[in-house]
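First up is the structure itself, then whatever we jot down about it.
Derivation of every value follows stated rules applied to the coordinates shown; laboratory data play no part. Every value quoted in this text rests on a predicted model; they were computed, and no experiment measured them. Don't worry about glycine lacking a Cβ; one is built from the backbone with ideal geometry, like all the others, and counts go over all protein chains shown.
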Amino acid sequence: MLDKDLFKRFLENKCNAEEAERIANYLKTHPEAFELLLPETEWEQTLQEYSYDKKHRVYRLSPWIYKAAIVLLSLGAIHLLYERQRDQKKVLIQNKEIATIGNSEVKENISDKTLFFTLEDGSDIQLEPNSKIEFPIDFTSNRTITLTGMAVFNVANDPEHPFKVLAKDVETTVLGTRFEISAFPKQDQVSVRLLTGKISVRNKNHQKRTILIPGQQYTLTPTGSSVTNFRRKELKKTNKPLINTTSTVTRKGDSLLFDKQPLSFVFTVLSKEFDTPINFNKDAVRKKFFTGYVIKSRSLEKELTNIVLMNKLTLENDTTHHRLLIK
């Protein structure tokens, strides 16, 4: 008999791959375990919290359909996840995309291509080759990044939690903007270029701050600091989106496989893939993640319904503005 708490963690995508596979195999041979592990009354109570609103019509899933949907989604995700781990084992070791050190996570790009990804708070990062960043696991409450190398930051606005980047002796603080920092270990200078918005920069050994406006560059060398102007056309041009789905999402035929990705990232990717606007409440999806797969040949609304229900959110089809709303 499976442990009930472990079973709940399975439904919430909080198990590791080994635990999930063990539970999935058990449920295949013991379907009656549903009623023992999670009584029907508890399923019905949970389902009452979820609804799918379309033109003021609410559709509710029967408990057994909901159960089957969750198990099928989980089993499929486990299968694809193991295929991904088998096919990409060498790639993951080579790229060293992310590692956990104590209370921090480290994302490193040792490839020869720019890496695009999204942090938990919704900020987009463009990490250049031979560069890495380190940030707290609980990033939404402490948005402080330590950078080695070069990166472009497109910061999500959050006035209560300033976004800070530490690069050698330079500390850059922003609320919401886009800027570029270069701080490679073998270089004796650090440069900060502001692309949009406004930021404050300071030598961490001094209290005086320098405010930059778009088109200005702050440079710190062993002999001092300076602020100069740069021409916008000097910036490296790229036609790639800030979120590069080929770098962070596995494609398996017609399926997109997500592995513990923030919901904000998942919804942004699906919006681009299905060419459909998806508006979501950032506070509602904060600290929520998704492990599973989405099939592009299916209806986006049906695919989102599974994700929404599993995370206690609601999905509404705003036909007036031709968009999907997630709350």
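Between ASN279 and ASP254, the FRET efficiency estimated from the beta carbon spacing at R0 = 25 angstrom works out to 0.45.
For region 99-232, DSSP calls about 95 percent of its internal beta bridges antiparallel. The modelled label-to-label distance for the pair ARG9/THR221, using points 7 Å beyond Cα in the direction of Cβ, is 5.5 nm. Kirkwood hydrodynamic radius of region 246-326, from the reciprocal of the average inverse Cα-Cα distance over all distinct pairs: 12.8 Å. Backbone geometry of region 183-199 corresponds, through the Karplus equation with coefficients 6.51, -1.76 and 1.60 at θ = phi - 60°, to 3J(HN,Hα) couplings of 8, 7, x, 7, 9, 8, 9, 10, 10, 10, 10, 9, 9, 9, x, 8, 9 Hz, x marking Gly and Pro. Approximating the spin labels as points 7 Å out from Cα along Cα→Cβ, the TYR26-to-ASP188 distance works out to 6.3 nm. The phi torsions of region 129-144, fed into the Karplus equation with coefficients 6.51, -1.76 and 1.60 and a -60° offset, translate into couplings of x, 6, 10, 8, 10, 10, 8, x, 4, 8, 6, 5, 9, 9, 8, 10 Hz, rounded to whole numbers, with Gly and Pro shown as x.
For region 154-192, applying the loop criterion from DSSP together with a ceiling of 12 other beta carbons within 10 Å to the GluC sites (Glu not before Pro) yields GLU160. Taking amide H atoms as placed 1.01 Å from N in the peptide plane, the amide H of LYS252 lies under 5 Å from those of LEU257, each 5 or more residues away in sequence or on another chain.
Given +1 at the Cβ of Lys and Arg, -1 at the Cβ of Asp and Glu and no other charges, the dipole of region 98-234 around its Cα centre is 660 debye to the nearest 20.
Here is the tail figure for region 98-234: Cα pairs spaced more than 23 Å apart come to 29 percent of all pairs. Distance check, please: which entries in LYS107/LYS252; LYS107/LYS164; LYS260/LYS288; LYS113/LYS287; LYS8/LYS288 exceed 20 angstrom between their Cα atoms? Too far apart for the 20 Å limit: LYS107/LYS252; LYS113/LYS287.
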